[in-house]
Structures are given as C-alpha cells and as structure tokens.
1. Expressed as a rounded percentage, what relative contact order does region 148-283 have, with Cα pairs under 8 Å and six or more residues apart?
2. Taking 25 Å as R0, compute the FRET efficiency from the Cβ-Cβ separation of Lys255 and Asp4 and round it to 0.05.
3. Which whole-Hz couplings ³J(HN,Hα) result when phi for each residue of region 311-316 is put into the Karplus expression 6.51 cos²θ - 1.76 cosθ + 1.60, θ = phi - 60°, listed in order with x for Gly and Pro?
4. Kindly put Met1, Met175, Met310 in sequence by how many other C-beta atoms sit within 10 Å of each C-beta, fewest to most.
5. Rounded to the nearest 20 Debye, what is the dipole magnitude of the chain about its Cα centre when Lys and Arg each give +1 and Asp and Glu each give -1 at the C-beta?
6. With each label point set 7 Å from Cα along the Cα-Cβ vector, what nm distance links Gln270 and His162?
7. Taking GluC sites (Glu not before Pro) that fall in a DSSP loop and have at most 12 other Cβ atoms within 10 Å as cut points, what is the longest piece of the chain between them?
8. Shape call for region 113-253 from the C-alpha gyration tensor, a ≥ b ≥ c root eigenvalues: rounded (a/c under 1.5), prolate (a/b greater than b/c) or oblate?
Amino acid sequence: MRIDELPTPALLVERAALEANLDTMSAALPGARLRPHVKAHKCTALAHRQHANGHAGFTCATVRECEVMAAAGLGADLLLANEVLDTRRLGALVRDGARVTVAVDSPETVVAAAAGGVREVLVDVNVGLPRCGCPPERAGELADTARRAGLEVRGVMGYEGHLMLVADPADRARMTGDAMALLTAAAADVGGEIISAGGTGTYVDNTWATEIQAGSYALMDTAYGAVVPFGQALSVLGTVVSVAATHAVVDVGLKSLGMDHGLPTIAEAQVWFCSDEHTTFAPETPVRVGDRIRVLPAHVDPTVVLHERMHLVDGDVVVETWAVDMRGW
Ligand code: PLP
Ligand code: MN
C-alpha cells in the first residue's frame, strides 16, 4: 500500500529513522542499562523491536500497559514507574507469571502493593520534579516499611523530568548531577540493586542511574528534536483540504496531535494555528487541494495515544501497520 491510499489523519513512522534511533540508543545504553519506557509509543510491536535490540526490562506508566506487555510475552521485568492504589490487576499479573515492580512513595502505596499481591517495589524519590516521589531523607524509612510489609525492595527510582528539555547541554548535565546526588544518597539508605532514572533528554549525562527509562527517543517529537540527536520518525499524515491566497488548511488538528508542547511543524511552511480538525499554515511553496503533507508533532506521547494504529513507512510505501495496543486504561 502507498501512503496516498491511507485515510487521513494517519500516524506515520519512518522506518529508517526509527531503526537508527533504536540502534543509537542501544549502542549508548546496551542491555539492562536501558529500560525503555513504553508510554511514548504504546505499541507492543515496537516494544518487540526494542526487546530484539537487547532490552528485556521495560518501564510502564499504567496498569493497562503492564497487562498488554505481559500478554504480548514482554512481561519478564516490568517496572510500573507510577504510584498505584488499586493493585488488584497487577497482583493478578504477578500470579500469572509476569514480573511487576511498582513505585511506592508513601505508606499508603506500600500497603496497597502488598494487599494486591505485588511482591517487588522501588522507592520513588522526589529529585526536583514536583510530582510523585518521597523526600530523599524519608526513603530509607519507607524501604523499612515496605520490607516489614513483606515486599522485596529492589532499589530506588527518581525521575528528573523537569530537566529533560533544558536547552543548554552544560546546564542540563550539571542539574542532572545535582538531582542524582539526591537519588544516590537515598539509594544508600534504601539498599537494593536498582537506581532507575532518566529519560531521552538526560540519557547521556545521567551516569548515576543503573538504568535509564527513556521512551521518546524511538519516535521523537520536535520539542526533543531541539535538544537530542535522534531523528524525527513520527509524523501525522494529512490531506490539504482548502487553499486560500494567504494560507492553506490540512485535516490534522487538535484531535490528532498532542499540543501541550506547542504547535506542530510543517516543512517549508509557517504554522498559524490548530483547531479541532484543522491546522492552518502559510506554505512557502504553493500547495494544492488534495496534496498529502506530513505534520510533525511537538510532543510524541499525547499524539500517539490519539491514534489506533501507526504505519511504518519507507518513503511513500507502507511496509507494516502496528496497533497502538496499549491505549486506554
Ligand atoms: N520516566 C518517567 C517516570 C516518566 O514519566 C518519563 C516521561 O515522562 C520518562 C521516564 C522519560 O520519558 P522520555 O524519554 O519520553 O522523556
Ligand atoms: Mn513526553
């Protein structure tokens, strides 16, 4: 099939860029040094590619991601890097033979993990992002609480998400070091083998973590394109549906693009704005009604989740179609 035959909007993944991104990251962080985060692509076919590149452990953001990964045969070592109060479905996965480690940052999440049948946890430590994570100085005490509840404490995690898009590489490296000083101090109090942290923006600088939880690197987006050397594999294919003297309109809008990192990008054009089903842009070279164009999203995760499938393409040829099968809750 050619991309001209796809109904639009359609999520495209450039095969060559994807493969280069996977190989670049696997060379930098081989084997267990990378625990790929599946929330960025939500696609078990893509996770199988990461597994084939040598990464057996994965990071998940939701219970459903864990379930779908396990059902796809990729449940050998899943980290749910979020706090979960209703752990019943996770316990069922563990009983069915998956290995699931869950983040805890409070006595309540420890109790929930043990009650639901989860056996292994990481103590989630706040390293500067005002989101989840206990204060570093409380981590040891929480680990003791978890062990008393019968849980195996595999170590710590601490996500420095506030640093991923720091523009100056030297600033990003220095701030990552400061954040990881908090995490390594907590790790000394907690014990265990794992120090899990990092993402696509800090994978080079974060030499303190034993494993990096990067996800966006595989498909990429324009926000990360400004700070890390991975290729833009992801785009949303659209059809030009209207052309005026000053601007043109493509059928890719808010409902097919994650917009929280800003406007999408169109090659050789100025993007003016997005509405529900449309992006209005000023082309530098004339476009015609019916032309197919690629719209590059600014943020990969909330873009992918709006689509049921992604099409792996080689130029204008669709070589494979993959379900975005980890969507939903
Ligand atoms: N770890 C956690 C807990 C996250 O929430 C994220 C992304 O938000 C990441 C790691 C890194 O992902 P990415 O490589 O897409 O920045
Ligand atoms: Mn993201």
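1. 17 percent
2. Between Lys255 and Asp4 the formula returns 0.65.
3. With the stated coefficients, region 311-316 comes to 9, 7, 10, 10, x, 9 Hz.
4. Met1, Met175, Met310
5. It works out to roughly 540 debye.
6. Between Gln270 and His162, the simple spin-label model gives 3.6 nm.
7. 1-192
8. Note, shape of region 113-253 comes out prolate.
FYI, it's all coordinate maths here, none of it is from the lab. Since this is a predicted model, take the numbers as computed values, not measurements. As a convention, Cβ positions derive from the backbone with ideal geometry for all residues, glycine included, and neighbour counts pool all protein chains shown.
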